[in-house]
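The values are calculated or read from the model by the stated rules, or taken from the named source; none is laboratory data. Not measured: the values here are computed from a predicted model. Positions of Cβ are backbone-derived with ideal geometry, glycine not excepted, and every protein chain shown enters the neighbour counts.
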Amino acid sequence: MALFFFQRVILSIFVAMAFNGLIQASDPDILFDYLVPPNMTKKVDGNFFTYTKIRGFFDKLHPTDPASMQASMAEFPALNGQSVSLSVLRLPPGGVSAPHMRTHATGLFLVLEGRFEVGLVDTTNKLYTQTLQTGDMFIFPKGLVHYQYNADMNNPAVGVAAFGSASTALVSVPATLFKPDIEDDVLAKSFKTDEATIRKLKSHLRRKL
């Protein structure tokens, strides 16, 4: 009887720890309908809950450069405390959104136009890939490295991602590795190559980033 009671106590502790971990893994809950920025002087009306800066993003039928726009609490203050945000992505023919991760939120990606080849790498270094067509969705778990690629050499591809956080914070793998001043010999040993190759990569990527 004492052993059963002890097992129940241990189980309750683990359930509480897991539940607490899930809560802390998302945005903090709020006790109000919405949060008004402290420096806001205007009266709250419908404009506060409206975001219009993505207008015109979809107007170009054949863009030549990749483009992205986001609506997080940084751009759209009404999202603060609501645990949602949005990002739109347009890739030209052959364009790529380089490997990156979202540290604050899981992303649900929906293809609006064209095709995307997507991939993600889990914590066991296993790569999962998929070719998405218009109307398809793909989920990018929080904190995992992933990418999007438009393999169509004739047509652009457009997608939108919804996030379970008011932050769309992005960590780019190439920028993180090659834009800061990490020593060349450290990167050369890490990538099992020579320092001359690392310097070439840094020089090229710094011009692009």
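Here are a few things to note about the model shown:
- Top-ranked residue of segment 192-209 - restricted to ones that are polar (S, T, N, Q) and assigned to a helix (DSSP H, G or I), ranked as modelled with the highest pLDDT: 197
- Residue check, residue 135 touching a residue at least 24 places away in the same chain (Cβ under 8 Å) and either in contact with a Phe, Trp or Tyr (Cβ under 8 Å, 6 or more places away or on another chain) or surrounded by fewer than 16 Cβ atoms within 10 Å (Cβ to Cβ) (or both): yes
- Residue check, residue 161 within 20 Å of the chain's Cα centre (by Cα) and assigned to a loop (DSSP other than H, G, I, E, B): no
- When residue 100 is tested against (1) assigned to a strand (DSSP E or B); (2) loosely packed, with under 14 Cβ neighbours inside 10 Å; (3) of a type outside the set (D, E, K, R), only condition (2) is not met.
- Tabulated pairs, segment 96-115, first polar (S, T, N, Q), second assigned to a loop (DSSP other than H, G, I, E, B), C-beta under 8 angstrom, 6+ apart or interchain: 97/66; 103/142; 103/143; 103/169; 106/141; 106/142; 106/164
- Being small (Gly, Ala, Ser), out of contact with any Phe, Trp or Tyr (no Cβ under 9 Å at 6 or more places or on another chain), closer than 26 Å to residue 93 by Cα and touching a residue at least 24 places away in the same chain (Cβ under 8 Å) is a condition met by no residue of segment 140-160.
- Verdict on residue 73 being part of a strand (DSSP E or B) and in the same structural domain as residue 147 (by TED's automatic domain parsing): no
- Restricting segment 176-191 to residues that are part of a loop (DSSP other than H, G, I, E, B) and of a type outside the set (Lys, Arg), the residue that is nearest to residue 103 (Cα to Cα): 180
- Selection of segment 168-191 for residues being in contact (Cβ under 8 Å) with a residue 24 or more places away in the chain and β-branched (Val, Ile, Thr) yields 168, 171, 173.
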